[in-house]
């Protein structure tokens, strides 16, 4: 089986590599990474290599060597794309058990493959399936062109590779959620509030026993809640990113990709542009307490600038990893009441942040509109015009979101605006249904009362 190794160069650059069963770098994957993927982030490159590894698993399961076939002048047809599409829709654990267990050593045919994925529990989401196919298509096109470019019939083979790329595009599964998972369900306000309450230092439901861990985890959740930062951005915060203004404290995130001071193989980084968002004085006090009374006790923490650190094991004092944040903090808290917290996600805090921002803007505009109405009733036209200029228009709201979320284009900010509009529509519709139910119940009550009187 192939594996992915994360190399860290002296410059700090992270270079993911796909290794074969002998632990040697796969030639084509390494060439593709060096030529076409070097400008991407570590996370993006790793994701693409996972897709390429999935393609290699398909070859092993079906006893094929696609690049050797292309070298012999045989570019695969649509049947290959359909078979790979089915394979890309399968969960990794099913593939391992179905095709590579000790019991399964024979080559699998397409019928066996279809039978293996009948259950929805054996399938990945259509977005993930589509991403796998797109990554594999680009990889095959790159390798195929490298193989055929010096052949006498190169023009014919390049045409066949072009047609293969079109077959991939026409067979991509439709997205389940649409752009940026805008319909992906997130927890409601009460679930988020209850989840945050678990992390209060003095909460009797707090699942963490060590006082230092309680303080660190409280800071983690508060930063997600107050700033709208992504989880990777929270983990990338350094001591220099903490503002010193005690009345209006600000925490910043910066783009520090391939930082040689970061020992984490998967470096958490800012996905968008850097920015500074405000936090509460109370949280700043907690951060100061953590820095001087908890973090300072770890010798390894003195060798790097990252705020939040691991507290246990060999990595104690090292920057806190994304996997520890999720597995040791988020999942541990969810176990307190998994049914209530199952939809609470770290990225959901970002949506919750934007939802609260929308509510504040709505409240602000409603208050201004009431003042405007009052001014107009008194024929105070100048005052009304001045108040109107203070309204937060949709354009202003988008600009605010771009600033707070670190977006560089309006389309990213509009998504959160659309989510808020949809939630408002759902609330209004729910109220309409409740009003209708009240009217029906009242009619029933009156009829029953009239019947009882007779």
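Here are the numbers for this structure:
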quantity: Count of segment 209-221 residues which are outside any helix (DSSP H, G or I) and either in contact with a strand residue (DSSP E or B) (Cβ under 9 Å, 6 or more places away or on another chain) or at pLDDT 95 or above (or both); calculated: 0
quantity: Elements of type helices (runs of 4 or more DSSP H) contained in segment 93-195, each with 2 or more residues being over 32 Å from the mean Cα position of the chain (by Cα) and modelled with pLDDT of 75 or more; calculated: 126-148, 154-170
quantity: Whichever residue in segment 272-286 is touching a residue at least 60 places away in the same chain (Cβ under 8 Å) and closer than 29 Å to residue 42 by Cα and, among such residues, is nearest to the chain's Cα centre (by Cα); calculated: 272
quantity: Test for residue 202: is it more than 24 Å from residue 335 (Cβ to Cβ) and either in contact with a strand residue (DSSP E or B) (Cβ under 6 Å, 6 or more places away or on another chain) or not in a helix (DSSP H, G or I) (or both); calculated: no
quantity: Number of positions in segment 252-278 that are buried (at least 20 other Cβ atoms within 10 Å of the Cβ), more than 18 Å from residue 407 (Cβ to Cβ) and in contact with a strand residue (DSSP E or B) (Cβ under 7 Å, 6 or more places away or on another chain); calculated: 3
quantity: Scan of segment 304-314 for residues that are farther than 21 Å from residue 228 by Cα and either in contact (Cβ under 8 Å) with a residue 24 or more places away in the chain or in contact with a helix residue (DSSP H, G or I) (Cβ under 8 Å, 6 or more places away or on another chain) (or both), ordered by number; calculated: 304, 305, 310, 311
quantity: Given (1) more than 24 Å from residue 168 (Cα to Cα); (2) in contact (Cβ under 8 Å) with a residue 40 or more places away in the chain; (3) crowded, with 16+ Cβ neighbours inside 10 Å; (4) touching a helix residue (DSSP H, G or I) at 6+ places or on another chain (Cβ under 8 Å), index of the condition residue 17 fails; calculated: (2)
quantity: Segment 346-367 - residue that is touching a helix residue (DSSP H, G or I) at 6+ places or on another chain (Cβ under 6 Å) and at pLDDT 90 or above and, of those, nearest to residue 235 (Cα to Cα); calculated: 346
quantity: Hits in segment 28-46 - residues which are surrounded by 12 or more Cβ atoms within 10 Å (Cβ to Cβ) and out of contact with any strand residue (DSSP E or B) (no Cβ under 8 Å at 6 or more places or on another chain); calculated: 28, 31, 32, 36, 37, 40, 41, 43, 44
quantity: Segment 44-63 - residue that is more than 17 Å from residue 19 (Cα to Cα) and touching a residue at least 12 places away in the same chain (Cβ under 8 Å) and, of those, nearest to the chain's Cα centre (by Cα); calculated: 61
quantity: Residue ID - nearest to residue 86 (Cα to Cα), chosen from residues in segment 132-144 that are surrounded by fewer than 20 Cβ atoms within 10 Å (Cβ to Cβ) and out of contact with any helix residue (DSSP H, G or I) (no Cβ under 6 Å at 6 or more places or on another chain); calculated: 134
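The values are calculated or read from the model by the stated rules, or taken from the named source; none is laboratory data. Every value quoted in this text rests on a predicted model; they were computed, and no experiment measured them. As a convention, Cβ positions derive from the backbone with ideal geometry for all residues, glycine included, and neighbour counts pool all protein chains shown.
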